[in-house]
Amino acid sequence: MKFSSNPLLSRVLPAWRARLVLILLLGGFVALIGRSLYLQSFRNDFLQQKGESRYARVIEVSATRGRVSDRNGDVLAISTPVKSIWAIPEDAKLSPAQARHLAALLGMDVRELNRKLTTDSDFVFIKRQIAPDVAERVAALNLPGIQQQREYRRYYPAGDIAAHVLGFTGAEDAGQEGIELAYDNVLAGRPGSRRVIKDRRGQIVEDVASIKAPQDGKDLTLSLDGKIQYLAYASLKQAVAEHKAKAGGIVVLDVKTGEILALANLPTYNPNNRFGLVGAQLRNRALTDTFEPGSTLKPFTAALALEKGKVRFDTLIQTAPGHLTIGSATIHDAHVHGMLTVAQVIQKSSNVGAAKIALSLPAEDMWQMFDALGFGNPLHFGFPGEVGGRLRPVKSWKPIEQATMAYGHGISVTLMQMARAYMVFARDGDLLPLTLTKLDAPPLVGKTVFSAQTAHEVRAMLEMAVQPGGTAPKAQIAGYRVAGKTGTAHKLESGSYAQKFVASFVGFAPATDPRLVVAVMIDEPSGAGYYGGDVAAPAFARVMAGSLRALGVPPDSDLHPLLVANKEDAAVKEDM
Amino acid sequence: MARLTFVLAIATLVCAIGTVAANHHARKLFTELEREQGRMRDLEVEWGQLQLEQSTWAGHARIEKIARERLHLQAPKSSQIIALDALAPSNPANTVAPR
């Protein structure tokens, strides 16, 4: 049958049916247009976002913490990625054999592992900060529910040697002590993030935008010299052990630049082992602990008197009968010396002589000098617990106090302040600011405290103190002329002086053109001797000799020194 | 007229395929860049670990221990040191002919 002969065609349908279909179709179109208008204009942002989230990802970009190195570029602190092993306890169903294997790999007890895996929480760290090769072996076990996470761990290759300078960081890689804290904003890296497009296989195919650029921490070059630091640490350790001391500190300064070449304290700690990092071992004693310096302060009294023209190098001072009464208090010398020149007062360390010199000076001048030398003011390295020592206002000084301050009592300083103050004699009477970071252009001239003439005269006196007839022949070094001063101070305990001592020695070499200042402080030596000349001076000599050799400083004297330290009569015991 | 339309249509097609190809190429290059940057990070990490290893092996405490205990080295005594005057003509170091 043909299509045209279909009888249905001949039926006439009512016109409204065609119109109805037309209207329905039109209505459908209008609805579609309306919907698309709505989606395109009103809901556009939302939909774009939804679409993007299907393929775009924001990923974190980690930044590393800066390295810390010494002045020769040897690394002292470095962050390197490690893995932390964590688990979802619910998913981690390990067989006893698997658990044993995992525990053995991680070096932990199986019972501890099982205890961690049976906790209720959703997330538990099994072991943090393990070496990458161990992490790889753990990953190879392919255990269910055991995951890894990348973290940074900070290593300190020098260990306890430079612990106090460097400090350490906490678990989140933020500085907690020392340089790590003081320079945290320089060293710390700032992680960034960026938006990328990933394909089906998870590969990044396009960089959409960098939301926040990551910023790696900057590397820091310290003024420390690794070799000298080690030498200082080892010598201090030896001295503290030999004299059964409670604590000790040592500082090495570069006279020409004001850079700190070494700073070590005992007791110390190993910053690589964060377990049990508490208590006294953390204290950076050279900066945070003050002590009454004792006789090491005498040269400043003499310098001020020279500067003010009150005395000359060879002015005679009567120190007999070996004691001096001011008000109700009496100052003693351990030995009666009789008439001494100013130089001999320093050489033989006479308290009476120093007190007499001080009493010829106005108290204001002494205070001004101490203040100019930096006593009483913190050094502001940014280390926690830095102190400035105690220098009382001049108005409250009594004559007896002025006299005792002349030989270093009634005033308290830190070892670093003491070392810095000696720079005025090692230089031509000026004082440089100290720095812990390596300087490209050291300041040429510092703040003038004394004239060059005074500095040279005191330097000659300090040389005499190390020679036979002085208090510290043990500070001599073969090949170099040494200048320095011993100090042996009674310790203040709850307001009165105890039979405990702080032995110290501060000196510099070579005396003709000083390069280094070394200050040694030994707290409560309880062995055979307690005098600065016996306890601290040998450590000074070891460090100074080794450092000068390491720096290649040409010798300025005969290689065979006048070492007479072993002869009992030669060494003069200083006064307290 | 029809011919022009045909030519333009072909040109559009070629352009479209070219865009797709360029985009694909860009993505491939980008993946490569990503890979190399990853490698750079890995190498940096390795460098850090090597630096760490070096300073551990070359630690002054370790060197001193080996020098003293294994190699039996010691610092020269002052009597064993001879100082040469750099400027003196009698100094043998000054008379050595330059090589």
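Here are the numbers for this structure:
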item: Residue among A:501, A:80, A:512 farthest towards the positive dipole end of the protein assembly as shown, charges placed on Cβ; result: A:80
item: Computed magnitude of the charge dipole of chain A (debye, nearest 20; Cβ of K, R +1, Cβ of D, E -1); result: 3100 debye
item: Net +/- balance of residues flanking residue A:230 in space, Cβ distance below 14 Å, scoring K and R +1, D and E -1; result: +3
item: Virtual spin-label span in nm between residue A:312 and residue A:210, 7 Å along Cα→Cβ; result: 7.2 nm
item: Cα-centred dipole magnitude for region B:15-73, charges only on beta-carbon of K, R (+1) and D, E (-1), debye, nearest 20; result: 100 debye
item: Exposed GluC sites (Glu not before Pro) absent: longest stretch of chain A, with sites in DSSP loops and at most 10 other Cβ within 10 Å deemed exposed; result: A:173-567
item: Point-charge dipole on Cβ atoms (K/R +1, D/E -1) for region A:226-551, about Cα centre, debye to 20; result: 400 debye
item: Overall form of region A:50-124 per C-alpha gyration tensor (a/c, 1.5; a/b vs b/c); result: oblate
item: Separation of alpha-carbon centers, region B:16-69 and region A:136-165, rounded to whole Å; result: 18 Å
item: Exercise: per-residue mean of other protein chain Cβ atoms within 10 Å, A:197-210; result: 2
item: Relative contact order computed over chain A (Cα-Cα under 8 Å; 6+ residues apart), in percent; result: 14 percent
item: Which of A:366, A:12, A:175, positive extreme of dipole for chain A (C-beta unit charges); result: A:12
item: CD proxy at 222 nm, helix term only [per DSSP H run n ≥ 4: -39500 (n - 2.57); per residue of chain A; nearest 500]; result: -9500 deg cm²/dmol
item: Neighbour cut-off at most 12 other Cβ (10 Å), DSSP loop, trypsin sites (Lys or Arg not before Pro), region A:217-253; result: A:244
item: With Cα atoms, 0 to 90° folded angle of helix A:363-372 axis to chain A main axis; result: 40 degrees
item: Inter-site label distance for residue B:13 and residue A:120 at 7 Å from Cα along Cβ, in nm; result: 7.0 nm
item: Cα-based Rg of region A:326-422 normalised by 2.2 N^0.38 Å, two decimals; result: 1.18
item: Region A:189-233 shape via C-alpha gyration tensor axes, a/c threshold 1.5; result: prolate
item: Reduced Cα scattering model of region A:309-348, Debye log10 I(q)/I(0), q = 0.21, 0.23 Å⁻¹; result: -0.68, -0.78
item: Degrees separating the helix A:132-141 axis from the principal Cα axis of chain A, which is the longest one; result: 30 degrees
item: Spacing of the two label points (7 Å from each Cα toward its C-beta) at residue A:172 and residue A:4, in nm; result: 9.0 nm
item: Cα long-axis angle, helix A:96-106 against chain A (0 to 90 degrees, to the nearest 10); result: 40 degrees
item: Positive-end residue of A:443, A:407, A:105, charge dipole of chain A with Cβ unit charges; result: A:105
item: Net charge of Cβ neighbours under 12 Å - reference residue A:99; Lys, Arg +1; Asp, Glu -1; result: +3
item: Packing-based exposure ordering (other Cβ within 10 Å, fewest first) of B:20, A:502, A:205; result: B:20, A:205, A:502
item: Between region A:224-287 and region A:88-108, the alpha-carbon center distance in angstrom; result: 42 Å
item: Cα-based shape type of region A:226-551, given that a ≥ b ≥ c are square roots of the gyration tensor eigenvalues and the cut on a/c is 1.5; result: rounded
item: 10 Å Cβ neighbours from other chains, averaged over peptide B:54-64; result: 5
item: Packing-based exposure ordering (other Cβ within 10 Å, fewest first) of A:315, A:80, B:5, A:486; result: B:5, A:315, A:80, A:486
item: Packing-based exposure ordering (other Cβ within 10 Å, fewest first) of A:424, B:45, A:520; result: B:45, A:424, A:520
item: Per-selection Kirkwood Rh - chain A (Cα, Å, 1 d.p.); result: 28.6 Å
item: Theoretical gain in end-to-end length, residue A:100 to residue A:494 [0.36 nm per residue, Cα-Cα removed]; result: 136.2 nm
item: Shielding by partners, peptide A:73-80 (average Cβ within 10 angstrom, other chains); result: 4
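Taken together, the values in this text are just the output of simple stated rules run on the coordinates, not laboratory data. Since the model is a prediction, treat every value here as computed from it, not as a measurement. Please note: Cβ atoms are built from the backbone with ideal geometry, for glycine as well, and neighbour counts cover all protein chains shown.
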